[in-house]
């Protein structure tokens, strides 16, 4: 698999709740960092168990994947029936057929009320 395909399979396996298949895509010492919360999940077992035990009600909608050599960036929309809608921008490093590590930024979708003097520059999505 090329790096783009590795990341596409990563998101497909998370959506399918294919935890064994997800484990196979991760290096044993895989880690992911979330700089906005100052947290890290270290080890593929911890990462898979975190996702396996996350409260149900979510789906994965891949909006785009861009790969340049071993670096792959993905944009994903994650609607959750209880917690709202999130977007995640992920920067992954791929080593062969496995993800070596990642850095993710999670944002909650919300409507922003702007002051009148700034609102004239925007239109709703």
Based on DSSP, what percent of beta bridges with both residues in the chain are antiparallel, to the nearest 5? 90 percent
According to the square roots a ≥ b ≥ c of the eigenvalues of the Cα gyration tensor, what is the shape class of segment 1-101, taking rounded for a/c under 1.5, prolate for a/b larger than b/c otherwise, and oblate for the remainder? rounded
Can you give me the Cα centroid spacing of segment 1-47 and segment 79-125 in angstrom? 18 Å
Determine, from the Cβ-Cβ distance of residue 81 and residue 2 and an R0 of 35 Å, the FRET efficiency 1/(1 + (r/R0)^6), rounded to the nearest 0.05. 0.55
Rank-order 33-41, 20-28 by packing density, defined as the average count of other C-beta atoms within 10 Å over each peptide's residues, highest first. 20-28, 33-41
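Values in this text are rule-based calculations from the coordinates and carry no lab data. In this text, all values refer to a predicted model and were calculated from it rather than measured experimentally. All Cβ positions, glycine included, derive from the backbone under ideal geometry; neighbour counts span all protein chains shown.
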